[in-house]
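J.: The structure follows.
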Amino acid sequence: MAADARNLTEKPVPEAAAGPAPAGPAPAAAEQPTAAHPARRASRVPPPPDGGPPAFAAPAHLPLPDATGPREATTRLVAHGCWYPSADPAGLRVAYICDRGGVPQLWVGPADGDEAHLLDTEPDPVQEVSWSPDGRWIAYTTAPGGGEHTRVLCVRPDGTDRHLLAGAEPGSSAHLGCWAHDGSAVAVTVAVPTAAPAPPYAEAEPGPPGWQHRDGDAVLLGGTPHTESGPAASAPLTASAGLRDRHTAAQAGFGDGLSAYLIDPDGVAAPVLLAAEQDAATLRVCDLSRDGELALLRRGPRGRREAVVIRTTDHATTCVVPVADGDPWIGRFSPRADTLWLRSDAHREFAVLLAAALDPTGQPRGWSVAAERADSDLELLHVDHDGGTAVLAWNVRGVSEVEVRDTHPSATAGPVTGPPRRVPLPHQVVTRIVDAGPRRLVLALSGSQRRPGVWWLPEGVALVRTPWSSRDEDSVPPGRPPVRPVQLSLTARDGLPLHGWYYRAPGRGPGEPAPCVIHLHGGPEEQERPVLNPLYHEILGRGLDIFAPDVRGSSGYGRSFVDADLGRGRFAALDDVADCAGHAVLAGPADPARLAVMGRSYGGYLTFASLVWHPDLFRTGVAVCGMSDFATFFEGTEPWIAQSAAHKYGHPERDRELLHALSPMSRIDALRAPVLAVHGEHDTNVPPGESEQFVRAARERGLTAELLTLRDEGHEFLRADNRRLFRRAAADWLQRHLGG
């Protein structure tokens with residue numbers, strides 16, 4: 001299914017979550033609104049009137065024991081990864097996620113020293129980290145048991161006073177939003193499955209100009225009106241309507257009940273309701289104005305994300321703008337809230353930096369493009385605390401390019417940016433950019449020669465690797481240097497340009513035919529990036545080449561390419577897999593008699609499907625967390641995932657025939673090759689039954705099929721022992737069936 005991001009490509013998550021509670025926050029008993037606490041002043045917002053959707057799962061402050069166990073920088077994995085940094089206000093210390101203990105955990109270390117230590121020694125994988133602007137707290141999300149349901153916690157920078165903010169109730173989930181700028185509150189979205197009967201499904205509206213419509217048995221859902229001056233504002237919304245309006249065209253009845261709250265980390269003030277949706281895919285609070293009067297939210301399913309600005313005093317919506325998928329931190333207000341900066345692909349092929357001047361009520365006066373590049377997406381946007389500098393990361397065919405621009409108003413053109421100043425990168429991909437005190441930045445980087453690491457950028461100085469990040473020379477075991485891939489381009493049978501990265505196994509002669517694995521990424525909106533993948537390194541060490549293409553539906557090549565697999569276009573995506581395999585043979589050194597197909601999540605679906613659509617092309621396949629039947633997938637997945645998936649694959653009722661035709665199980669009699677399926681036991685994104693039924697059906701037909709179930713894992717494999725087991729099992733299987 002999905003990756004957005006942490007993977008960098010950020011995996012779509014229920015940007016929200018938690019369980020039943022009173023309809024709205026209880027009044028605060030001990031805290032009164034003051035001018036010094038604008039976020040708490042928003043507690044005067046009235047609750048939704050009678051008859052409107054309730055606020056779902058108002059969270060409660062739950063103290064937890066301080067983390068126990070060794071806190072020193074004990075290292076289980078020398079070649080570890082560090083990612084998702086967040087610095088303290090002075091830029092002296094950095095909180096980050098690191099797997100050096102065998103599982104992604106919360107660590108903190110000095111920017112220019114190596115005395116890193118654990119803040120939470122629990123085994124639950126950590127997914128996001130955010131240091132409060134006043135320096136008193138670090139908020140973070142964890143995934144108990146490695147599954148899909150997440151919780152939001154807070155801890156002091158010294159590791160004390162650890163407590164749960166949201167996500168404790170069974171079946172619930174919680175997701176982290178932004179901090180109030182004074183540190184008085186942190187935004188959290190809570191989600192619980194909607195128990196009410198599903199209302200009728202909304203009719204689809206025509207899409208915006210230039211968007212490809214789905215054909216056959218499926219239609220394009222959503223759309224946002226457009227005016228000559230830019231994206232139009234949505235009709236005002238009442239508190240009872242939450243954020244739902246006609247532009248969402250949601251698949252009602254699929255989504256969770258989502259509620260976004262401001263939560264006092266000290267547990268003094270009651271939670272403050274910002275917004276609620278009854279059936280929704282995602283909802284995240286991305287920024288709050290300094291005075292607490294405006295909130296910037298990101299909502300909507302994959303491929304139909306929207307930025308929404310609301311006034312916290314009356315819940316009125318002031319504007320709605322389409323924004324790109326990918327990194328969820330879509331934009332920011334200027335310090336005086338007179339400018340809104342957004343990373344958006346509204347009515348464009350590629351994401352750009354949009355700017356709008358805002359009037360005192362939060363209404364946009366007009367929109368302008370502040371920065372853009374031809375044929376490249378703006379992938380990451382960071383605006384510094386003072387609002388004077390914007391840092392932009394562009395995706396140039398999978399490789400990052402970072403530039404810094406000064407921001408300032410213009411009397412004639414509205415908000416504008418100055419000329420770009422390039423930031424040289426030591427590695428190919430940047431996944432996060434944050435402030436590290438005045439005029440300093442912290443970046444998370446990765447590349448084909450190194451594990452993910454954290455680097456800091458002093459003003460006017462080149463990037464410096466933090467001492468606690470893994471060294472390049474420790475990225476892989478001695479004697480087996482990582483392989484730098486070569487980018488290949490080809491043309492699909494219908495004329496669509498495709499691209500991918502080819503990894504040549506060490507020791508092979510330039511023209512020597514080699515067994516080759518076609519590896520397919522998830523999403524499908526993810527993109528293959530030139531980053532060090534331990535799985536690839538394991539396979540390459542067995543003498544097998546790897547070609548990792550971006551078939552249609554992948555990001556990084558424009559919105560039309562992302563939408564090219566919608567509806568019946570997914571049949572063409574299956575043809576892309578075969579075309580990529582053929583190109584690996586014709587343009588590369590792949591042996592046509594020794595080809596395999598492998599992928600995870602949506603790539604796992606493509607693996608199952610390729611084995612039955614092209615049964616004579618591949619000698620074997622390895623499908624990881626893949627869908628085998630869309631009907632059973634929709635029945636078993638999380639509601640928020642079903643909400644987004646219906647927009648991408650088709651509606652499980654209206655598009656039943658199309659989804660059946662696209663399901664690998666509908667063609668299982670065509671299977672000829674042995675298959676290995678791998679799944680996490682706690683996966684509720686793509687339930688394990690999807691792999692089980694395919695393996696069972698293959699065995700019933702007398703074919704070789706095996707299933708590897710990884711304990712204490714969800715849709716992502718996060719524990720070192722399980723990752724190692726998976727890599728070796730997959731490489732063993734491929735080597736056995738392809739030869740080395």
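J.: Please work out which residue is surrounded by the most Cβ atoms within 10 Å (Cβ to Cβ), limiting yourself to the stretch 483-492 and to residues that are assigned to a loop (DSSP other than H, G, I, E, B) and touching a helix residue (DSSP H, G or I) at 6+ places or on another chain (Cβ under 6 Å). Show your work before the answer.
T.: Going through the stretch 483-492, the residues assigned to a loop (DSSP other than H, G, I, E, B) turn out to be 483-485, 492.
Pick out the ones that are also touching a helix residue (DSSP H, G or I) at 6+ places or on another chain (Cβ under 6 Å) and you get 483, 492.
Working: Val483: 21, Ala492: 19.
Here the residue is Val483.
J.: Taking the condition open to solvent by 50 Å² or more (accessible area, probe 1.4 Å) and assigned to a helix (DSSP H, G or I), does Arg672 pass?
T.: So Arg672 fails the test.
Residues checked against (1) buried (at least 22 other Cβ atoms within 10 Å of the Cβ); (2) outside any loop (DSSP other than H, G, I, E, B):
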| site | (1), (2) |
| --- | --- |
| Val152 | yes, yes |
| Asp158 | no, no |
| Glu169 | no, no |
| His175 | yes, yes |
| Ser184 | yes, no |
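J.: Could you tell me how many of the residues in the stretch 656-669 are assigned to a loop (DSSP other than H, G, I, E, B) and open to solvent by 10 Å² or more (accessible area, probe 1.4 Å)? Step through it out loud before you land on a result.
T.: As a first pass, look at the stretch 656-669 and keep what is assigned to a loop (DSSP other than H, G, I, E, B): 663.
With the extra rule that they be open to solvent by 10 Å² or more (accessible area, probe 1.4 Å), the set shrinks to none.
Total meeting the criteria: 0.
J.: State all residues of the stretch 580-597 that are β-branched (Val, Ile, Thr) and part of a strand (DSSP E or B); if no residue qualifies, say none. Spell out how you get there, then give the answer.
T.: Quick first cut of the stretch 580-597, residues β-branched (Val, Ile, Thr) only: 585, 597.
Passing the criteria: only Val597.
J.: Quick one: would you say Gly387 is assigned to a loop (DSSP other than H, G, I, E, B) and touching a Pro at 6+ places or on another chain (Cβ under 6 Å)?
T.: yes
J.: While we're looking at this one, here's another question. Taking the residues in the stretch 338-364 that are of a type in the set (S, T, N, Q) and within 21 Å of Thr389 (Cα to Cα) as candidates, determine which candidate is most open to solvent (accessible area, probe 1.4 Å).
T.: Only one residue tops the list, namely Thr339.
J.: Follow-up. From the list Gly418, Gly447, pick out the single residue that is out of contact with any Gly (no Cβ under 7 Å at 6 or more places or on another chain), at pLDDT 80 or above and surrounded by 18 or more Cβ atoms within 10 Å (Cβ to Cβ). Let's see the steps before the verdict.
T.: Working: Gly418 fails: surrounded by 18 or more Cβ atoms within 10 Å (Cβ to Cβ).
Step by step, each of Gly418, Gly447 is checked, and only Gly447 is out of contact with any Gly (no Cβ under 7 Å at 6 or more places or on another chain), at pLDDT 80 or above and surrounded by 18 or more Cβ atoms within 10 Å (Cβ to Cβ).
J.: Still on this structure: Which members of the stretch 72-107 meet the condition of being aliphatic (A, V, I, L, M) and either surrounded by 21 or more Cβ atoms within 10 Å (Cβ to Cβ) or at pLDDT 95 or above (or both)?
T.: Within the stretch 72-107, the first condition is being aliphatic (A, V, I, L, M), and the residues that meet it are 73, 77-79, 87, 90, 92, 94-95, 97, 103, 106.
Answer for the stretch 72-107, where residues must be aliphatic (A, V, I, L, M) and either surrounded by 21 or more Cβ atoms within 10 Å (Cβ to Cβ) or at pLDDT 95 or above (or both): Ala87, Val94, Ala95, Ile97, Val103, Leu106.
J.: Here's a follow-up. Of the residues Ala642, Ala609, which single one is out of contact with any Cys (no Cβ under 6 Å at 6 or more places or on another chain), modelled with pLDDT of 95 or more and either open to solvent by less than 10 Å² (accessible area, probe 1.4 Å) or under 24 Å from Val429 (Cβ atoms) (or both)?
T.: Matching residue, one of Ala642, Ala609: Ala609.
J.: Separate question: Taking the stretch 551-579, which residues are of a type in the set (A, V, I, L, M, F, W, C) and either closer than 17 Å to Val517 by Cβ or part of a strand (DSSP E or B) (or both)?
T.: Val551, Val577, Ala578
J.: Which condition does His427 not pass, out of (1) in a strand (DSSP E or B); (2) buried (at least 22 other Cβ atoms within 10 Å of the Cβ), if it passes all the others?
T.: Of (1) in a strand (DSSP E or B); (2) buried (at least 22 other Cβ atoms within 10 Å of the Cβ), only one is false for His427: (1).
J.: Quickly run through the stretch 117-140 and pick out the residues that are among the small types (Gly, Ala, Ser) and surrounded by fewer than 24 Cβ atoms within 10 Å (Cβ to Cβ). Can you show your working first?
T.: Here is the first cut: in the stretch 117-140, the residues among the small types (Gly, Ala, Ser) are 130, 132, 135, 139.
Scanning the stretch 117-140 gives Ser130, Ser132, Gly135.
J.: Next question, about the same structure. Can you give me the ranges of the strands (runs of 3 or more DSSP E) entirely in the stretch 259-350 with at least 1 residues that are of a type outside the set (Phe, Trp, Tyr) and within 26 Å of Leu164 (Cβ to Cβ)?
T.: On the way: elements: 272-280, 283-288, 294-299, 306-311, 317-322, 331-333, 339-344.
So the answer is 272-280, 283-288, 294-299.
J.: Check off (1) modelled with pLDDT of 95 or more; (2) under 21 Å from Asp384 (Cα atoms); (3) surrounded by 23 or more Cβ atoms within 10 Å (Cβ to Cβ); (4) of a type outside the set (S, T, N, Q) for Ile310 and give me the number that stays unchecked.
T.: Status for Ile310: all satisfied but (2).
J.: Would you mind telling me which numbered condition in (1) in contact with a helix residue (DSSP H, G or I) (Cβ under 9 Å, 6 or more places away or on another chain); (2) modelled with pLDDT under 95 Arg667 fails?
T.: Failed condition: (2).
J.: So, of the residues in the stretch 328-337 that are within 17 Å of the chain's Cα centre (by Cα) and buried (at least 23 other Cβ atoms within 10 Å of the Cβ), which turns out to be farthest from Ala645 (Cα to Cα)? Steps first, answer last, please.
T.: Step one: filter the stretch 328-337 for residues within 17 Å of the chain's Cα centre (by Cα), giving 328-331.
Of the ones still in play, those that are also buried (at least 23 other Cβ atoms within 10 Å of the Cβ) are 330-331.
Working: Ile330: 21, Gly331: 25 Å.
Among them, the one singled out is Gly331.
J.: Going by the conditions given, is Gly603 at pLDDT 95 or above, in a helix (DSSP H, G or I), over 20 Å from the mean Cα position of the chain (by Cα) and not hydrophobic (A, V, I, L, M, F, W, C)?
T.: no
J.: Name the pairs whose Cβ atoms lie under 7 Å apart, with the first residue in the stretch 498-522 and in a strand (DSSP E or B), the second at pLDDT below 90 and open to solvent by 10 Å² or more (accessible area, probe 1.4 Å), and 6 or more positions between them or separate chains?
T.: Filtered contacts from the stretch 498-522: Tyr502/Gly588; Tyr503/Val483; Ala514/Arg508; Ala514/Pro589; Pro515/Gly739.
J.: Among the residues of the stretch 675-697, how many are touching a strand residue (DSSP E or B) at 6+ places or on another chain (Cβ under 6 Å) and surrounded by fewer than 23 Cβ atoms within 10 Å (Cβ to Cβ)?
T.: 3
J.: Any idea how many residues of the stretch 313-327 are open to solvent by 10 Å² or more (accessible area, probe 1.4 Å) and farther than 28 Å from Ser555 by Cα?
T.: Residues flagged as open to solvent by 10 Å² or more (accessible area, probe 1.4 Å) and farther than 28 Å from Ser555 by Cα within the stretch 313-327 amount to 4.
J.: Any residue at all in the stretch 549-563 that's in contact with an Asp or Glu (Cβ under 9 Å, 6 or more places away or on another chain), of a type in the set (Gly, Ala, Ser) and closer than 22 Å to Val675 by Cα?
T.: First pass over the stretch 549-563, keeping only residues in contact with an Asp or Glu (Cβ under 9 Å, 6 or more places away or on another chain): 549-562.
So of that shortlist, the ones also of a type in the set (Gly, Ala, Ser) come out as 553-556, 558, 560.
After this cut, where a residue has to be closer than 22 Å to Val675 by Cα as well, the list is none.
There is no residue in the stretch 549-563 that is in contact with an Asp or Glu (Cβ under 9 Å, 6 or more places away or on another chain), of a type in the set (Gly, Ala, Ser) and closer than 22 Å to Val675 by Cα.
J.: So for the stretch 522-539 (the condition being under 30 Å from Leu92 (Cβ atoms), polar (S, T, N, Q), open to solvent by less than 50 Å² (accessible area, probe 1.4 Å) and under 22 Å from the mean Cα position of the chain (by Cα)), does at least one residue qualify?
T.: Of the stretch 522-539, the ones under 30 Å from Leu92 (Cβ atoms) are 531-532.
When the remaining residues are screened for being polar (S, T, N, Q), the result is none.
Within the stretch 522-539 (the criterion being under 30 Å from Leu92 (Cβ atoms), polar (S, T, N, Q), open to solvent by less than 50 Å² (accessible area, probe 1.4 Å) and under 22 Å from the mean Cα position of the chain (by Cα)), the answer is no, since none of the residues qualifies.
J.: Checking the condition at pLDDT below 95 and within 25 Å of Gln735 (Cα to Cα), which residue from Gly509, Gly500 passes? It would help to see each step written out before you state the result.
T.: Working: Gly500 fails: at pLDDT below 95.
It is Gly509.
J.: Also, quick follow-up: Could you go through the stretch 363-373 and let me know if any residue there is of a type outside the set (Lys, Arg) and in contact with a Phe, Trp or Tyr (Cβ under 8 Å, 6 or more places away or on another chain).
T.: The answer is yes, given that some residue of the stretch 363-373 is of a type outside the set (Lys, Arg) and in contact with a Phe, Trp or Tyr (Cβ under 8 Å, 6 or more places away or on another chain).
J.: Could you check Gly437 against (1) under 24 Å from Gly604 (Cα atoms); (2) open to solvent by 10 Å² or more (accessible area, probe 1.4 Å); (3) touching a Gly at 6+ places or on another chain (Cβ under 7 Å) and say which number it fails?
T.: If we test Gly437 against (1) under 24 Å from Gly604 (Cα atoms); (2) open to solvent by 10 Å² or more (accessible area, probe 1.4 Å); (3) touching a Gly at 6+ places or on another chain (Cβ under 7 Å), just (1) comes out false.
The values are calculated or read from the model by the stated rules, or taken from the named source; none is laboratory data. Please read these numbers as outputs of a predicted model, since none were measured by experiment. A quick note on method: Cβ atoms are made from the backbone with ideal geometry, for glycine too, and the neighbour counts reach across all protein chains shown. Surface accessibility is based on the protein's heavy atoms, side chains included, excluding ligands, DNA and RNA. Shrake-Rupley method; radii C 1.70, N 1.55, O 1.52, S 1.80 Å.
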